[in-house]
Amino acid sequence: DFAPAMERLREAQELWLKMEDYHPRYSALVAQSLTMLEIEDLHEANDEQQAVLAHLVRLLPRLAGVVVVASSRSPAPAPWHNLRWPPLDASASAQLLLDQAQAPLPEAALQWVFERAQGNPLFSLEYWRYLLRQGCFWSDGQRWQWREPAANFVPASVEALIAELLASFAQPEQQ
């Protein structure tokens with residue numbers, strides 16, 4: 001019986017957040033649908049969840065105006081159609097950060113983030129937030145300033161950024 005799981009999916013559908021329109025294929029997909037369900041980290045779903053989601057995907061041809069988009073670190077099993085989005089180019093990556101800053105950013109800073117994030121929007125945003133917290137980006141009220149962090153200052157991956165942030169939350173409790 002899929003009724004309880006389908007009800008949870010309907011509730012989740014009301015909570016989805018629209019991804020920023022930085023990729024034309026994604027924008028076109030959203031524009032063509034009336035309802036979109038976005039599932040993050042499909043690779044973490046257990047067998048029961050995978051079965052429910054597969055059932056939902058099989059129903060899609062009968063549900064006009066509905067689209068399901070899932071992210072996963074590994075290829076999804078049938079009936080999913082797997083697409084790998086290409087990374088953002090330097091211009092789109094810069095625009096993503098400029099939208100966050102809501103003002104011009106130093107070109108050297110945009111290049112620094114792009115070289116490390118390699119066009120991955122999630123990584124770019126995580127670097128932006130991390131560098132803001134560390135004081136490498138700051139605003140003097142008129143424009144954004146930039147100070148490149150020391151080479152050993154920045155974690156090598158987004159997972160390391162998140163781990164460092166979580167560790168900083170735990171430290172006050174340990175003291």
Computed lengthening from His81 to Ala103, 0.36 nm per intervening residue step minus Cα-Cα distance: 4.1 nm
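What does the charge add up to near Pro104, with Lys and Arg as +1, Asp and Glu as -1, over the other residues with Cβ less than 14 Å from its Cβ?
That sum, taken over residues with Cβ under 14 Å, equals -2.
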Between Leu132 and Arg58, take the C-beta separation as r, use R0 = 35 Å, and let me know the FRET efficiency to the nearest 0.05. 0.20
Would you rank Leu105, Leu83, Leu132 by solvent-accessible area, highest first, keeping every protein chain in place and using a 1.4 Å probe? Leu83, Leu132, Leu105
Trypsin sites (Lys or Arg not before Pro) within the stretch 35-132: which are DSSP loop residues with at most 14 other Cβ atoms inside 10 Å? Arg73, Arg84
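The values are calculated or read from the model by the stated rules, or taken from the named source; none is laboratory data. If you're wondering where the values come from, they're calculated on a predicted model, not measured in any experiment. Note that each Cβ is placed from the backbone with ideal geometry, even for glycine, and that neighbours are counted across all protein chains shown. We work out accessible area using only protein heavy atoms, side chains counted, and drop any ligands, DNA or RNA first. Shrake-Rupley method; radii C 1.70, N 1.55, O 1.52, S 1.80 Å.
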